[in-house]
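These notes are about the structure you will find just below.
The values are calculated or read from the model by the stated rules, or taken from the named source; none is laboratory data. Small disclaimer: the values here were computed from a predicted structure and weren't measured. Neighbour counts are summed over all protein chains in view; Cβ atoms, including those assigned to glycine, are modelled from backbone coordinates with ideal geometry. Protein only, heavy atoms only, side chains kept; ligands, DNA and RNA dropped before computing areas. Shrake-Rupley method; radii C 1.70, N 1.55, O 1.52, S 1.80 Å.
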Amino acid sequence: MTDRYAVIGNPVGHSLSPRIHAHFATATGEDLTYRTLPADAFGVAAEGFFEAGGRGLNVTLPFKLDAFVWVAERGGGRGAARAAGAVNTIAVSREGAHGYNTDGVGLLRDLEHNLGVGISGRRVLVLGAGGAVQGVLGPLLDAGPHRLTVANRTVSKAERLAAAFAGVEASGLPDLDTDYDVIINGTSAGVAGGRPPIEAAGVQDAFCYDMFYTLEGETPFCRWCGECGAARTADGLGMLIEQAAESFFLWRGVRPPTRGLAQSLRA
């Protein structure tokens, strides 16, 4: 019997997840279908999906916090939903619904395996202090950076994350120094076509990564960093693919291949 999976969100029609998981299923020979599940209320839609025989959900905006509350168990380890405070992957078993967060694993795998950017011993700056950033701090810390700073317009939000994650430093955006090897943008500025208010000198010779992505051209953040002398830039399409691969592994116990998929999606 074909197993059914979906991504739930609002809006969700634009999601690349069905294409990504269709590729994974074909590559691994797993018998499954994957679709979008638009919803106004998370709990009602999720319960209906699983009661009808669904095996797993990916969760996107605005439901990651709703999913965190809804699941019966929050996974630790590789899919550390408890530390992230949000759930982006749900799997069901006889014991109930299990929630995971694969964003941090996806980011780290894209950085280290796909892009060759090691975090160990490096000075890392993360811009923003929202849910997207909170979801990746645990795996970034586990990778052993020399320094990990979270900078945000509202310093108190960065300080909240620093209090929750031992080893994280907090800063306001105007107070930043310019001595970082890796800069990760987790703010929503790129969605609106802008960029975080940091000095151009701060990105010179650094590797700059935008957690947001575009299928055509560059994100505004990546374009600006390149113009200011960044050593390299990359957007978050690889992160999207790798967090999906981690979800697939949690569901099926099979690690799907990801090489070349980003180029295929952009094409």
| What ranking of R147, R259 comes out by heavy-atom accessible area, probe 1.4 Å, highest first? | R259, R147
| note | Labelled set (i) 1.07; (ii) 1.02; (iii) 0.97; Rg/Rh (Cα atoms, Kirkwood Rh) computed from this model equals the value at (iii)
| field | Additional length obtainable on full extension of the chain from S188 to D175, 0.36 nm per residue less Cα span | value | 2.7 nm
| Probe 1.4 Å - accessible area at E47, Å² to nearest ten | 90 Å²
| query | Stretched out fully, how many nm does the piece from A72 to S120 gain, at 0.36 nm a residue minus the Cα gap? | reply | 13.9 nm
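Counting DSSP beta bridges in the chain, what percent are antiparallel, to the nearest 5?
Looking only at bridges with both residues in the chain, the antiparallel portion is about 20 percent.
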| remark: Of the DSSP H helices in the chain, the ones reaching 20 Å or more along their long axis in Cα terms and averaging at least -1.0 in Kyte-Doolittle hydropathy are 237-252
| query | How much accessible area does D66 have with a 1.4 Å probe, in Å² rounded to the nearest 10? | reply | 70 Å²
| field | Solvent-accessible surface ranking, highest first, for S93, S120 at 1.4 angstrom | value | S120, S93
| For the chain, cysteines whose Cβ has no other cysteine Cβ within reach (under 4.7 Å) | C222, C228
| query | Between R19 and E216, how many nm apart are label points set 7 Å from Cα along the C-beta direction? | reply | 1.3 nm
| task | Would you work out what percent of the accessible area of the stretch 163-242, with all protein chains in place, is carbon or sulfur (probe 1.4 Å)? | result | 47 percent
| task | Kindly sort E30, E112 by accessible area of their heavy atoms, largest first, with the probe set to 1.4 Å. | result | E112, E30
